[in-house]
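A quick write-up on the structure given underneath.
The values are calculated or read from the model by the stated rules, or taken from the named source; none is laboratory data. Please read all numbers here as calculations on a predicted model, not as lab measurements. Here the Cβ is made from the backbone with ideal geometry for all residues, glycine too, and neighbour counts use every protein chain on show. Keep in mind that these areas ignore ligands, DNA and RNA; they rest on the heavy atoms of the full protein, side chains included. Shrake-Rupley method; radii C 1.70, N 1.55, O 1.52, S 1.80 Å.
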Amino acid sequence: AFLLVLGCVVTTPIKKETLSLSFAPAEAKVITEETSQMFRAPLCKGMFVDNWAFSLKVYLQNVQWDSREIGDANWLRIRISNKADMSNILCDNAKAGIADPVNFCPIFTYKKKEMGEGDLYIEITASAGTPTYQYGLDLEAREQKHGKFAPNAIPEAAAAVKALTIETLEQVAVPYLSDLVTGQTGQYKIPYCFEGAAVYRKVTTTTLVPDSDDAGAGGVASFFCTNAMMHNDECYRSVSKRKGSSFYDPSGAKINTVSPKVKLEEYGPVYILVLAQGDWQKEIKFTITAKLKNPGDPEIKGKEEL
């Protein structure tokens, strides 16, 4: 529910955080032995994720991962590149010198100047241990805190491969746990990469307050902003007046879902402003989740009106 709080004043958010991103297929993938599949993580030329830390993990769902030399040979080869032809390899879990390929790529730093401001491409190749594999993958990107940096990704030259159909991964904000005291607001940035010329893209954001036996536990109100709605780097929305220790504001919800359509001219990072509501000076914990839907035919062709 989208909540609008009336009779309000404006205050500055006490927290400004940036959420991490997860790039993943919309559903589990199926691959047959000794074949390959490719995926692309859209990064908008590294505009919003420069110097971010990336890591990839792959999950086998129908068989147990077994990459030992003597065993079932149920595993997937994972390669990451900053080029669609896979000629620059940033990670290869089965390169020379690796005895037993693991199901992940180590954390590395994405530097757009060194990587040509390109997207990231993931190639998955199935071993011959099982006729068919079902799997999932998750490429996670996190903003690095000052003084804590992962190693730079150093591309390794490789022979170009025959082009495969490339699936664009969906962008999902990694669930983020935060807390505010009633009357406070927090602002949370989600650096989605909007690309293409779709008329609009749909973003779904949810804030969830966990169940509690406390009748006065309170809730939150959530507001959505694009760059065009920002004023002085703040998502400009109203918040409740402070009315004293005896006042209880019941308007905060346990679950808030906001699903706006972001217009083409407003593409860029989006922001969620969260207002804590409840008993006076009550700490309220909540989790933020968000997903940017890949454009479908109506958005691509511009058939559907806003």
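Averaging 1/r over each pair of different alpha-carbon atoms in the stretch 38-144 and inverting the result gives 14.6 Å, the Kirkwood hydrodynamic radius. How much of the accessible area of the stretch 14-139, probe 1.4 Å, is carbon plus sulfur, in whole percent? The computed percentage sits at 47. Checking the a/c ratio against 1.5 first, then a/b against b/c, what shape does the Cα gyration tensor give for the stretch 10-101? Taking the square roots of the gyration eigenvalues as a ≥ b ≥ c, the stretch 10-101 is prolate. Label separation (A99 vs K145): 3.6 nm, computed from points 7 Å beyond Cα along the C-beta direction.
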